[in-house]
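J.: Handing you this structure, nothing more for now.
The numbers here are math on the coordinates, done by the rules we state, and not lab data. None of the values given here were measured: they were computed from a predicted structure. Cβ placement follows ideal geometry from the backbone for every residue including glycine, while neighbour counts extend to all protein chains displayed.
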């Protein structure tokens, strides 16, 4: 994609990026699902020993966290119209985002376990109105946190910033990326409706339902959902973070070039004469005379 050409995001652009890379994305999806299969196998072993609890089940979150970093990194490259290498990029995403992914997953684990304990403990002890208030508060919190996660995971694999900046920007983009989050939620709702229709069609055949669910998970669902999140979140991140950063970097570079124009003192004295805010042609480009004056002042400070 040409840097000077403004990117147009649309439904056709989304599907074009997906289907152009569908084979590679399927490989990434399988790579992501392999550790899920391993974890389910471990759960079966623990279940036979009666060691499975909700806390153990929720451990799948930190266990899978590094692999989310790999998958989101690949989806970020697809969104940015960059070529992908499924194996190389998947493991590069795991390696470069391991710490942030792990810290994020621990927070999700604590929140998920806390909500589960809260509802398990209070669902019989609270009256109707209080239970509704608890449910509404939890729902609003989940909407906020899911929106936060959309921006956090996308920014984590896209922008090289500190953890503090990552958290702060993700909080700001909960509201700043509102329409992107709405599109993501609507997309997930559509997927849920399609899956429900497929399972209804399968009837009561448990083996058929389990086979369909396993097949869809193995070849498409995780990477498709990740791509939806990244594609919708990246648009806001590009507009509010990446583009302003690139503009500032460009201005700083131009300023640096202007400050390093090579002229001797006498030439600068002549160029500095006149209105400081007037633009003059110096060394092949237009700059304000004020910049020349500053260069002259620096030279004189060094001589002193």
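J.: At 7 Å along the Cα-to-beta-carbon direction for both residue 301 and residue 137, put a label point, then send me their distance in nm to one decimal.
T.: 5.6
J.: Another question about this same structure. Quick one: length gained pulling residue 119 to residue 172 fully straight, 0.36 nm per residue minus the C-alpha distance?
T.: So the chain would gain 16.2 nm between residue 119 and residue 172.
J.: Sticking with this structure for a sec: Only residues of the range 213-251 count here: report those whose backbone N is under 17 Å from the spot 7 Å along Cα→Cβ of residue 80, or say none.
T.: 227-250, by backbone N distance to the label point.
J.: Among 151, 162, which comes first, second and so on when ranked by fewest other beta-carbon atoms within 10 Å? Intermediate results must be reported in sequence, preceding the final value.
T.: Working: 151 26, 162 9.
In increasing order of surrounding Cβ atoms, one gets 162, 151.
J.: Let me ask another. Just rank 229, 223, fewest to most, by other beta-carbon atoms within 10 angstrom. Please list the in-between numbers first.
T.: Working: 229 24, 223 27.
Ranking 229, 223 by Cβ neighbours within 10 Å, fewest first, gives 229, 223.
J.: If r is the Cβ-Cβ distance from residue 95 to residue 294 and R0 is 41 Å, what FRET efficiency results, to the nearest 0.05? Can you show the working numbers first?
T.: Values: r = 45 Å, r/R0 = 1.09.
Once rounded, the FRET efficiency stands at 0.35.
J.: With springs only between Cα atoms under 10 Å apart, run a GNM on the chain and tell me which of 104, 47, 232 wobbles the most.
T.: Ranking 104, 47, 232 by mean-square fluctuation puts 47 first.
J.: Another question, then. Just to confirm the number: angle between the C-alpha axis of helix 128-156 and the first principal axis of the chain, 0 to 90 degrees, nearest 10?
T.: 50
J.: With a 10 Å Cβ neighbour count serving as the proxy for reagent exposure, in which order, fewest first, do 230, 292 appear? Don't skip to the answer; put the middle values down first.
T.: Values: 230 28, 292 24.
Least to most surrounded, the residues fall as 292, 230.
J.: While we're here: Please state the shape class of the range 146-259: rounded when a/c is under 1.5, otherwise prolate if a/b exceeds b/c and oblate if not, all from the C-alpha gyration tensor.
T.: Details: a/c = 3.67, a/b = 3.12, b/c = 1.17.
Because a/c hits 1.5 or more and a/b exceeds b/c, the range 146-259 counts as prolate.
J.: Does the chain come out rounded, prolate or oblate, given a ≥ b ≥ c as the square roots of the eigenvalues of its C-alpha gyration tensor, rounded meaning a/c under 1.5 and, failing that, prolate meaning a/b above b/c?
T.: Details: a/c = 2.74, a/b = 2.23, b/c = 1.23.
Since a/c reaches 1.5 and a/b is larger than b/c, the shape of the chain is classed as prolate.
J.: Can you tell me the length gained on complete extension of the stretch residue 162 to residue 144, counting 0.36 nm per residue apart and subtracting the Cα distance?
T.: On the way: separation 18, 0.36 × 18 = 6.48 nm, distance 2.16 nm.
So the chain would gain 4.3 nm between residue 162 and residue 144.
J.: Next question. So what is the calculated 222 nm ellipticity per residue for the chain, using -39500 (n - 2.57) for each DSSP H run with n of 4 or more, over all residues, to the nearest 500 deg cm²/dmol? Kindly include the intermediate steps, with their values, before the conclusion.
T.: On the way: 14 runs with 235 residues, N = 304.
About -26000 deg cm²/dmol.
J.: Kindly identify the range 41-196 as rounded, prolate or oblate by the Cα gyration tensor criterion: order the square roots of the eigenvalues as a ≥ b ≥ c, call it rounded if a/c is under 1.5, otherwise compare a/b with b/c, prolate if a/b is larger, else oblate. Present the calculation step by step, with values, prior to reporting the outcome.
T.: On the way: a/c = 1.87, a/b = 1.31, b/c = 1.43.
The shape class here is oblate.
J.: Tell me, what is the FRET efficiency for residue 39 and residue 216 to the nearest 0.05, using R0 = 25 angstrom and their Cβ-Cβ distance as r? Provide the component values of the computation, followed by the final result.
T.: Details: r = 18 Å, r/R0 = 0.73.
Approximately 0.85, to the nearest 0.05.
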